[in-house]
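This report refers to the structure that appears directly beneath it.
The values are calculated or read from the model by the stated rules, or taken from the named source; none is laboratory data. If you're wondering where the values come from, they're calculated on a predicted model, not measured in any experiment. When we count neighbours, we look across all protein chains shown, and the Cβ atoms used for this are built from the backbone with ideal geometry, even at glycine.
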């Protein structure tokens, strides 16, 4: 009879994968991931059939964490600026608190190894929060550019703001607000 799989080992593998992907990208080897997780390389494949399955599972795990951070106390009935400010702050806090996860997710988002099915599933994690925000922004943003503004521009400006905050921690709050103000002014028609 096969021994049941351990949640602790699965978690250790995913955490090691996040660290490896954050540092080396999706080309990090399963041998390196196994060593960091303190398991045999074959054990990685006991939990994840292929390296792509591991990367997709990691992507889902990170997106679930991010969706929880963004969706927590989302002000669905607030003005659009306040909704967007909530999302901005949630992303900044999550990114600053979980830098390894943030860097790994950044690598995975641009990887062709993440399946369309996984991406669609993860897009659904943001559900009503994303739909509410998009509907609220429709009055302010050219609909053809909304995806670009919420995807690329927001994330790039967030990364820049997080780097500036790390370099100048005494200016953290001012930099966070300056980044948001720049974003808000930039997306309006």
Considering residues of segment 149-175 that are surrounded by 15 or more Cβ atoms within 10 Å (Cβ to Cβ) and more than 18 Å from the chain's Cα centre (by Cα) only, the residue nearest to residue 82 (Cα to Cα) = 175
Taking residue 97, is it surrounded by fewer than 13 Cβ atoms within 10 Å (Cβ to Cβ) and either in contact with a helix residue (DSSP H, G or I) (Cβ under 9 Å, 6 or more places away or on another chain) or within 30 Å of residue 32 (Cβ to Cβ) (or both)?
-> yes
Please indicate, with yes or no, whether at least one residue in segment 96-112 is over 12 Å from the mean Cα position of the chain (by Cα) and more than 30 Å from residue 175 (Cβ to Cβ).
-> yes
Filtering segment 123-148 down to residues that are crowded, with 17+ Cβ neighbours inside 10 Å and either farther than 19 Å from residue 93 by Cα or in contact with a helix residue (DSSP H, G or I) (Cβ under 6 Å, 6 or more places away or on another chain) (or both) yields 125, 126, 129, 132, 133, 136, 137, 141
Would you call residue 39 in contact (Cβ under 8 Å) with a residue 24 or more places away in the chain, farther than 30 Å from residue 179 by Cα and not in a helix (DSSP H, G or I)?
-> yes
Residue 54 fails exactly one of the following numbered conditions: (1) surrounded by fewer than 17 Cβ atoms within 10 Å (Cβ to Cβ); (2) more than 18 Å from residue 95 (Cβ to Cβ). What is the number of that condition?
-> (1)
Given the conditions (1) within 24 Å of residue 20 (Cβ to Cβ); (2) buried (at least 18 other Cβ atoms within 10 Å of the Cβ), and given that residue 90 satisfies all but one, which numbered condition is not satisfied?
-> (1)
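Residues checked against (1) in contact (Cβ under 8 Å) with a residue 40 or more places away in the chain; (2) closer than 20 Å to residue 29 by Cβ:
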position: 52; (1), (2): yes, yes
position: 55; (1), (2): yes, yes
position: 63; (1), (2): yes, no
position: 67; (1), (2): yes, no
position: 71; (1), (2): yes, no
position: 93; (1), (2): no, no
Among the candidates 65, 73, single out the residue that is more than 22 Å from residue 10 (Cα to Cα) and either in a helix (DSSP H, G or I) or at pLDDT below 95 (or both).
-> 73
